[in-house]
Amino acid sequence: MWLLKSVVLFLLVVFILPALATLGWWALQDRPANWRAADWSSSGLLRAAPKADDSAIYVLAARTGGFKGAFAVHSWIVVKKPGQSAYERYDKVGWGSPVRRNAYAADGRWYSNAPVIVSALEGTDAEKLIPAVERAIADYPYSKAGDYRLWPGPNSNSFVAHVLRSVPGLGATMPSNAIGRDFAPGIAAFDIAPDGRDVHLTLGGLVGFAAGVRSGLELHFMGLVAGFDLAHPALKIPAYGRFELGPKA
């Protein structure tokens, strides 16, 4: 009984109360009534007219809409190939064809919420990895219509997480509030990053942990993440996301 009470108290303090506090904050935000009323236009985060010889790979994320926006972001991938004068954006969504290309502005708002750049790789380093990123996108195993489940996945964040795991050279980590990023098929999955810098264990995407240079230390519960980042000091607060403990890198 003591052990059960301790576990319940731990889950309450570490996961449930922070998530409820974030929900309270979200309830006070001004939000569109539905997707038709939302602003999906460019946020101006990326250069509107990139140079033809530029190369870049970006991971972007923005709070999603409705009630679920209190707990999760939607993430996507943007590629700028050399010799082209426009970006290419890839999302997985729950309606129509799940993996979409250029369905929205590269840095477009998501349900009126402005995106942030989660990861940016530019120049020759990006040019070398673009083919690997495109292969990972093409090889995504849940790319057909109907291959979408809001929770625990596979969803939009499961798609981006797949690409980042497949191309560790990007050196990127998904936002801690990108629910679905830890989805894995089956009952249990244990994964070591190809470069050996992270380990990840999940039980159906519901309970697990991650540890390593990129992830820091994370505990996972029902899609929520609590932990800390040592490389770039920050707390990972369930539903809220990162709380920086120093100057942002």
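Every number here is computed from the coordinates shown, using simple stated rules; none is lab data. Since we're looking at a predicted model, the values are computed, not measured. Cβ atoms come from the backbone with ideal geometry, glycine included; neighbour counts cover every protein chain shown.
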**Prompt:** Amide H to amide H under 5 Å from G204: which residues, 5+ apart in sequence or cross-chain, H placed 1.01 Å off N in plane?
**Reply:** A188, A189
**Message:** Would region 86-162 count as rounded, prolate or oblate if I go by the C-alpha gyration tensor, calling it rounded below 1.5 in a/c and otherwise prolate when a/b exceeds b/c, oblate otherwise?
**Reply:** oblate
**Item:** Stokes-Einstein D for region 75-125, Kirkwood Rh over Cα pairs, 25 °C, 0.890 mPa s (µm²/s)
**Value:** 201
**Placed amide H near D54: partners under 5 Å, 5+ positions off or other chain** = G83
**Asked** What shape does region 99-249 take by its C-alpha gyration tensor, where a ≥ b ≥ c are the square roots of the eigenvalues and a/c under 1.5 counts as rounded, a/b above b/c as prolate, and the rest as oblate?
**Response** rounded
**Complete:** Heads up, region 9-69 by the C-alpha gyration tensor (a ≥ b ≥ c square roots of eigenvalues; a/c under 1.5 rounded, else a/b over b/c prolate, else oblate) looks oblate
**Prompt:** Taking trypsin sites (Lys or Arg not before Pro) as exposed when DSSP calls them loop (any state but H, G, I, E, B) and at most 16 other Cβ atoms lie within 10 Å, what is the longest stretch of the chain free of them, the sites themselves excluded?
**Reply:** 52-143
**Item:** Between helix 17-27 and the chain: long-axis angle, C-alpha atoms, 0 to 90°, nearest 10
**Value:** 50
**Scaled radius of gyration (Cα, divided by 2.2 N^0.38 Å) that region 14-115 gives** = 1.22
**Request:** Could I have the simple spin-label model distance between S97 and L201, label points 7 Å from Cα toward Cβ, reported in nm to one decimal?
**Result:** 4.1
**Whole-number percent relative contact order across the chain, with pairs defined as alpha carbons under 8 Å at least 6 apart** = 17
**Prompt:** Pairs K68/K236; K80/K236; K68/K92: which exceed 26 Å Cα-Cα?
**Reply:** K80/K236
**Message:** Just to confirm the number: angle between the C-alpha axis of helix 156-166 and the first principal axis of the chain, 0 to 90 degrees, nearest 10?
**Reply:** 80
**Message:** Tell me which chymotrypsin sites (Phe, Trp or Tyr not before Pro) from region 181-239 have a DSSP coil assignment and no more than 11 other beta carbons within 10 Å of their own.
**Reply:** none
**Request:** For helix 124-138, report the angle its Cα long axis makes with the longest principal axis of the Cα atoms of the chain; keep it between 0 and 90° and round to the nearest 10°.
**Result:** 70
